[in-house]
Each structure stands twice: as C-alpha cells, then as structure tokens.
Amino acid sequence: MSLSYSYRHLYYFWIVAQEGGMSKAAARLDMAVQTVSAQVRELEKALGCQLLKPAGRGVALTEAGVLAARQAQQIFELGEALPALLRQAALAPRVRLAVGLADGLPKLEVLRLLRPVLDVPDLHLICHDGEIDDLLADLAMHRLDVVLTDHPVSSRAHLKVHHHRLASSAYGWFAAPPWLHAAQRAFPAALQGVPLLLPTRHASVRAQLDQWLARHGLTPRIAGEFEDSALLETFGGQGMGVFPAALALAETLQQRHGASLVGVCEGVAAPCYALSLERRVAHPLLRRLLEQSA
C-alpha cells in the first residue's frame with residue numbers, strides 16, 4: 001500500500017486535536033511550533049482537505065478533521081497496545097493447529113480423533129467445517145494444517161493430497177428410554193418394529209448401515225435422515241427413534257442424551273482419513289495426532 005502521507009504526519013495532527021492548539025501540541029511533543037504546523041499542513045495537502053480551523057487562541061476540528069481524529073484515535077490506540085501484545089505472545093507462545101472437518105463426519109467422533117492433542121499446553125485449536133472442495137482449497141493455501149474426512153478423495157491436478165488412515169470406530173444402535181426396551185427385546189429383529197434415524201447418504205457409513213439392515217432381512221420404518229450427525233444424536237436422544245453411532249461414544253451419548261446401547265452393528269465401522277499436503281508430516285501436533293490415532 002502506497003500513501004502520500006506518513007503516520008508521523010497523522011500522529012502530529014492527532015496530538016494537536018487532543019491538545020486543541022499548536023503550541024500545546026508542540027510542548028507535548030517537545031518540538032518547535034513551526035515544525036508541528038508544517039507537518040499538519042503536509043497531511044492536509046496529502047488528504048486534499050482542511051482538518052483544522054482557527055478557534056480563538058487555538059484551533060478546532062473541521063468536519064473532515066473530526067473523522068480523521070476519530071480514525072487516528074483507533075490507529076494509535078492499537079499501536080500503543082502492540083508492544084504489550086507482543087510481550088504476552090513471547091512469554092506464552094501458543095501452538096496452533098487448524099483443522100478442516102468435512103461435512104458428514106460425526107462431530108462427536110471428531111472430539112475422539114482430536115483428543116490426543118487436546119492436552120497440549122497453550123494449544124490454539126481452530127476448526128472449520130464445510131464441503132470437501134472448499135476445505136481442500138484452504139489446505140492448498142495453507143490456511144489449514146489438515147482435513148479430516150470420512151471419504152478418501154482423489155488428488156486434484158493442482159494438488160497432491162496424502163491420505164493418512166485413522167482408526168475406524170465400530171458402530172452400534174442406540175436408543176433413549178422410549179424405544180430402548182422395545183429395540184432390545186429381540187435385537188436385531190426388533191428394529192423392524194421401531195422407528196429408525198439414519199445419516200443421509202452424504203455419510204460414507206450410510207451404505208454400510210443399509211447393507212447391514214439388508215443382511216438381517218430388515219426393512220424398518222425410517223423416521224428421519226440427518227446430514228448433521230449432532231442433530232441425528234440430538235433427535236435420537238429426544239426419543240424420535242433408534243439411531244446408529246460409534247461405540248466409542250457410548251458414555252458420551254449416555255451422559256448427553258440419556259441414550260443407551262441397544263446392540264452392536266457387526267461389520268459396520270466409520271472410516272476416517274486425515275488429508276495433508278505432506279506424506280511425512282512436519283507439524284508436531286499433526287504428527288502426534290496421526291501417531292496416536294492410527
């Protein structure tokens with residue numbers, strides 16, 4: 001950015017505006033009145049408008065001067081705060097990890113996957129969720145350190161993506177009290193007579209769930225389909241129907257939603273991949289995440 005004035009010109013004007021006169025401003029700055037006045041005139045010339053007007057023995061702000069003084073106030077207050085912020089950052093350095101979360105990835109599963117790094121002192125964790133193409137674009141621009149997804153993706157022509165397979169989580173069927181006993185009575189056949197909640201086909205685990213139901217000869221009544229796993233678990237916890245979730249989340253589902261395990265969904269597991277630009281990951285937190293989640 002090229003400016004026709006310097007921030008020193010703006011600073012002198014700001015002091016004049018605060019003091020209400022050239023003489024008082026010059027005394028505060030320990031400078032000659034002529035020097036301060038010349039600097040303010042340079043600023044007015046550069047901006048193309050008058051900022052000060054005579055007022056008795058001092059000066060007053062013009063309408064443009066009021067706007068300039070207000071803007072200068074913000075600029076120099078931020079400038080005065082900068083040294084303290086930098087000292088704080090130097091004394092307490094933070095470790096940043098920016099993670100992209102693909103739509104369809106169960107949010108409670110994300111918590112489990114990230115747990116290996118959550119106890120790192122001074123961690124600054126940034127999570128973004130969205131469509132995989134948008135997340136890969138951010139990964140390419142180094143706005144993200146890693147993308148977590150339940151689908152493998154093909155490398156784009158302009159982007160070589162490396163897949164790191166994370167531990168899959170086995171699935172089970174869960175239910176809140178209104179449907180728990182009915183579903184447990186003769187599991188899995190009992191699922192034929194209770195409402196089911198399922199993830200949409202946006203989630204990779206949906207195909208596995210459909211195959212599991214078909215293997216057991218079940219054509220249950222589907223009461224709801226949810227793209228957001230957190231919504232699926234919330235509605236299931238409110239008694240809308242029996243729903244699938246990772247077995248590793250059993251304790252969390254019980255605590256948050258009062259939902260208990262109905263039965264295990266054999267052969268169904270939610271895959272998860274960490275996508276990075278590097279095959280040999282350099283980021284220390286990401287390396288720790290991959291090592292402990294594999």
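In region 188-209, of all residues being more than 28 Å from the chain's Cα centre (by Cα) and closer than 16 Å to Gly267 by Cα, the one that is least open to solvent (accessible area, probe 1.4 Å) corresponds to Leu209. State yes or no: is Val264 modelled with pLDDT of 95 or more, open to solvent by less than 70 Å² (accessible area, probe 1.4 Å) and in contact with a Phe, Trp or Tyr (Cβ under 6 Å, 6 or more places away or on another chain)? Judged against the criteria, Val264 is not a match. Taking region 209-258 as the range and being without any contact (Cβ under 8 Å) to a residue 40 or more places away in the chain, among the hydrophobic types (A, V, I, L, M, F, W, C) and within 13 Å of Ala175 (Cβ to Cβ) as the test, the residues that pass are Ala223, Leu232, Phe235. Tell me, yes or no, whether region 85-96 has at least one residue that is under 30 Å from Pro152 (Cα atoms) and not polar (S, T, N, Q). Yes: one or more hits. Taking Trp212, is it more than 29 Å from the chain's Cα centre (by Cα) and closer than 17 Å to Glu109 by Cα? It is false that Trp212 is more than 29 Å from the chain's Cα centre (by Cα) and closer than 17 Å to Glu109 by Cα.
Could you check region 120-152 and list, in sequence order, the residues that are among the acidic types (Asp, Glu), within 14 Å of the chain's Cα centre (by Cα) and open to solvent by 70 Å² or more (accessible area, probe 1.4 Å)? Asp129, Glu131, Asp134 - these are the residues of region 120-152 that are among the acidic types (Asp, Glu), within 14 Å of the chain's Cα centre (by Cα) and open to solvent by 70 Å² or more (accessible area, probe 1.4 Å).
Here is a yes/no grid of residues against (1) in contact with a strand residue (DSSP E or B) (Cβ under 8 Å, 6 or more places away or on another chain); (2) assigned to a helix (DSSP H, G or I); (3) surrounded by fewer than 17 Cβ atoms within 10 Å (Cβ to Cβ):
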residue: Tyr5; (1), (2), (3): no, no, yes
residue: Arg8; (1), (2), (3): no, yes, yes
residue: Ile15; (1), (2), (3): no, yes, no
residue: Gln18; (1), (2), (3): no, yes, yes
residue: Ala27; (1), (2), (3): no, yes, yes
residue: Gln39; (1), (2), (3): no, yes, no
residue: Glu42; (1), (2), (3): no, yes, no
residue: Ala46; (1), (2), (3): no, yes, yes
residue: Pro54; (1), (2), (3): yes, no, yes
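Residue check: Glu109 meets all listed conditions (1) among the charged types (D, E, K, R); (2) open to solvent by 30 Å² or more (accessible area, probe 1.4 Å); (3) under 22 Å from Ala245 (Cβ atoms) but one, namely (2).
The values are calculated or read from the model by the stated rules, or taken from the named source; none is laboratory data. As the structure is a prediction and not an experimental result, all values here were calculated from the model. Virtual Cβ from ideal backbone geometry, glycine too; neighbours counted across all protein chains shown. Remember, those area values only see protein heavy atoms, side chains included, never the ligands or the DNA or RNA. Shrake-Rupley method; radii C 1.70, N 1.55, O 1.52, S 1.80 Å.
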